[in-house]
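Here the structure comes first, spelled out in structure tokens, and everything after it is commentary.
The values are calculated or read from the model by the stated rules, or taken from the named source; none is laboratory data. If you're wondering where the values come from, they're calculated on a predicted model, not measured in any experiment. As a convention, Cβ positions derive from the backbone with ideal geometry for all residues, glycine included, and neighbour counts pool all protein chains shown.
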Amino acid sequence: MPPSSPPAPVLLRLLTTAGYRIQVRGDASVAVRLRDRRAVVLAAATRSPGELEGLFPGDAVQRTIVYDDDPGPVARTFAADRGIEILDPGTLGPALGELLLPSPQSSSENHPDGPTLETPFSVLPEGNRIVRPRIGRVEAELLVGAEGPRFTLRLVPFYVAPYRVRPASPYGEAGKILDRTVAVHGVSGEAEVWEDGDRELVGDLEIPHQFVAPEVSVAQASGFALEEIRRHHTIHVDHTEQHGGALVIETRRVPPAADDVRIGPLQLIYLPHWYAEGSQGRVVLDAVTGRRNLAALPSR
């Protein structure tokens, strides 16, 4: 690179000091900064943006390729269409400050270089592992809307854990840390985020009931929980580029980074469901929310 731009080793040291993590991929170097989802690829001008695009993380919000020489108008046009910024020795100097400095909206309070994202802990009341039903037999009959079905109350297993997440932010500013609860169905493996305070735990029920045995292991439930948390807190980011008088907008899905999720210990509880069987077939009703579930919940 000419004197106006730092040589590649110096630039990599500057990026490392600015909080980027460096990986060498063949003849290219990839620098990624988690706190603002900015990614930079350093490569030779002989590599096309199409070849290099796959080196960027899928959740990168801002993508930049720094070439060691001018890559030419074709490469610039392709990159602009894909929402990728191109820098070369002639343009790197003025843009270096933006690459190295965090977003002006960033805060040391919440980004990964600030306080550690702690794992939440959970202590269930001793002996209380059953969620108290809010919907009795009479209410279940009204919700099902069928006369004369046979009702059975079954306690369905769920693996439940508190979690803490720092969602991504559209422009790299530090996201607010959230505390939520994730629940994984112990038979189907389906996961969902529960609202706090919606379910009261008790030790036993006076209503006759049956227990359903879990089929999903704790290890499997942990994986399903992480998938659901990242899906639930995914944001959509519009990246806009001006190209040839036209405004090109690309929308990317950005989930929280794995480092921005902490899941507490998974604990098994039982959620009551009404199983109604009659002439219209089987209906399964959540005895807390009244929501209908699939009659046959497949195992994963």
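Values for this structure:
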{"item": "Some residue of segment 137-151 being at pLDDT 90 or above, surrounded by fewer than 19 Cβ atoms within 10 Å (Cβ to Cβ) and not β-branched (Val, Ile, Thr)", "result": "no"}
{"item": "Selection from segment 188-216 of residues that are surrounded by 15 or more Cβ atoms within 10 Å (Cβ to Cβ), closer than 16 Å to residue 134 by Cα and either in contact with a helix residue (DSSP H, G or I) (Cβ under 7 Å, 6 or more places away or on another chain) or not hydrophobic (A, V, I, L, M, F, W, C) (or both)", "result": "199, 209"}
{"item": "Boolean, residue 182 is in contact (Cβ under 8 Å) with a residue 40 or more places away in the chain and either β-branched (Val, Ile, Thr) or on the phi > 0 side of the Ramachandran plot (or both)", "result": "yes"}
{"item": "Unique residue being more than 27 Å from residue 236 (Cβ to Cβ) and modelled with pLDDT of 85 or more when the list is 39, 80, 75", "result": "75"}
